[in-house]
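To start, the structure itself, in structure tokens.
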Amino acid sequence: MLERLELDHYPVGITVIILVIGVVLLCQAVIRRFISQETLKKAHEVGGYYLSLVGTIYGILLGLVVFDAMSKFQAAEKTINNEAKCLLAVYSLADQFPSAQGPVKSLVREYVKTVVSVEWPLLKRGETSAKAHEVLLSLLHTIRTIDPKTQNQQSLYSTMLTEINACWESRLDRNKVSNFGVPAAEWVALLIGASIVIAFTFFFTTESHGIHLAMRGMVTLLIAMSLYLVLLFGAPFSGDLRVSDRPLRFVQEVITR
């Protein structure tokens, strides 16, 4: 649902954050009309303890989820870099095996081209390219059929097998379902928790209505920005903040010269 709203695009996300802050401040104005300041002050002592407890629990939960989302984004970047490095290594090592040099290099070029032009746009929707999968399997099979003759070839062949296997592992890691967004259960917990924390602030008041509005607005902004970070980093391959395909494009430029 969040993906359909395109909240991971900055203009949309910032607009929604501003609207959320506006709704919260409007709710405060409504509550102030129906509940007197004296009544709210009676809840300060008990409400303060509850808010401290609720805020601490939610702060820990939100912090862990943000950290997990950022770690997921960094892992996706590392995976792309490793995949590109392995492909470049395989392409270079193919020169040492004349009998398989042509097929190996051709398959590497085809795989990189397919990932960049076909699969990368699909990753935004959590999908992958069957063709890229098949090409990499063909490349893996082709390399495994190589028969190294000399001692030098045997040594390099072992390295080539290591690199192609590492490339395969990187592809599998990149295409894990967990890379395509934050689970719905986490979003439910985060949004309910945010609503509870913000709702607790309605039970407090100050002599200055303007200062109270400013403080509540800042609290709402802080929570909204943290949730937005979860949204942006939780889906590494979509939105305005996404993992770049530059490493693979660099490989494509090198091998097509």
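The values are calculated or read from the model by the stated rules, or taken from the named source; none is laboratory data. Here the structure is a predicted model, which is why all the values come from computation and not from measurement. Ideal geometry is used to build each Cβ from the backbone, glycine not excepted, and the neighbour counts take in all protein chains shown. Areas reflect the complete protein model, heavy atoms only, side chains present, ligands, DNA and RNA absent. Shrake-Rupley method; radii C 1.70, N 1.55, O 1.52, S 1.80 Å.
What size of dipole, in debye to the nearest 20, comes out for the chain about its Cα centre when the only charges are +1 on Lys and Arg C-beta atoms and -1 on Asp and Glu C-beta atoms? Can you show the working numbers first?
Values: 24 positive and 22 negative charges, 42 e Å.
Here the size comes out at about 200 debye.
Just to make sure I understand: if all protein chains stay in place, what is the order of 245, 240 by accessible area at 1.4 Å, largest first?
Numbers: 245 25, 240 65 Å².
From most exposed to least exposed: 240, 245.
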* Asked: How would 246, 171, 257, 144 line up by accessible area, probe 1.4 Å, largest first?
  -> 257, 246, 144, 171
* Asked: Given region 71-166 reduced to its alpha-carbon atoms as identical point scatterers, what log10 I(q)/I(0) does the Debye formula return at q = 0.17 Å⁻¹?
  -> -0.75
* Take the alpha-carbon centre of region 17-73, take the same for region 150-206, and report the distance between them in whole Å. => 29
* Under 4.7 Å Cβ to Cβ, no partner at all: give me those cysteines from the chain, in residue order. => 27
* Helix 151-174 versus the longest principal axis of the chain: what is the Cα-based angle in degrees, 0 to 90, to the nearest 10? -> 30
* To do: Rank 225, 151, 63 by how far each Cα sits towards the positive end of the charge dipole of the chain (+1 on Lys, Arg Cβ; -1 on Asp, Glu Cβ) and give me just the farthest.
  => 225
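Please work out the average accessible area per residue across region 126-257, using the 1.4 Å probe convention, and give it in Å². Can you show the working numbers first?
On the way: 6880 Å² over 132 residues.
Result: 52 Å² per residue.
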* Per the Kirkwood formula on distinct C-alpha pairs, the Rh of region 137-257 is how many angstrom? -> 19.7
* Structure fact -> With Cα coordinates, the longest principal axis of the chain makes an angle with the long axis of helix 98-114, in degrees rounded to 10, of 20
* Asked: Lys pairs in region 60-149, Cα-Cα under 23 Å, at least 8 apart or on separate chains: how many?
  -> 13
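Rolling a 1.4 angstrom probe over the protein heavy atoms, how many square angstrom per residue are accessible across region 18-68?
Values: 3660 Å² over 51 residues.
Value returned for region 18-68: 72 Å² of accessible area per residue.
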* Structure fact -> Measuring from the longest principal axis of the C-alpha atoms of the chain, the long axis of helix 246-255 (C-alpha) lies at a number of degrees, nearest 10, equal to 10
* Report, largest value first, the span of the C-alpha coordinates of region 1-135 along each principal axis, in whole Å. => 88, 27, 20
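Sum -39500 (n - 2.57) across every DSSP H segment of at least 4 residues in the chain, then divide by the residue count to get the 222 nm mean residue ellipticity, nearest 500. Don't jump to the answer; show the numbers that get you there.
Values: 11 runs with 198 residues, N = 257.
Taking each H run of at least 4 residues, the total per residue is -26000 deg cm²/dmol.
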* What residue among 59, 13, 210 shows peak mean-square fluctuation when the chain is described by a Gaussian network model with Cα springs under 10 Å? -> 210
* **Selection from 118, 20, 53 lying farthest towards where the dipole of region 1-126 points positive, charges on Cβ** => 20
* **q = 0.12 Å⁻¹: log10 I(q)/I(0) that the Debye formula gives for region 25-95, counting C-alpha atoms only** => -0.63
* Asked: Share of the chain's accessible area from carbon and sulfur, percent, 1.4 Å?
  -> 64
* Percent RCO, i.e. relative contact order, over region 159-257, from Cα pairs under 8 Å lying at least 6 residues apart -> 34
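Under a Cβ-only charge scheme (Lys and Arg +1, Asp and Glu -1), can you give me the dipole magnitude of region 68-154 about the Cα centre, in debye to the nearest 20? Intermediate values should be presented prior to the final figure.
Numbers: 11 positive and 9 negative charges, 17 e Å.
About 80 debye.
So what's region 114-174 giving for Cα Rg divided by 2.2 N^0.38 Å, two decimals?
Values: Rg = 14.4 Å, N = 61, 2.2 N^0.38 = 10.5 Å.
The reported ratio for this selection is 1.37.
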* Asked: Mean shadow of the chain, computed from the convex hull of its alpha carbons, in nm²?
  -> 17.0
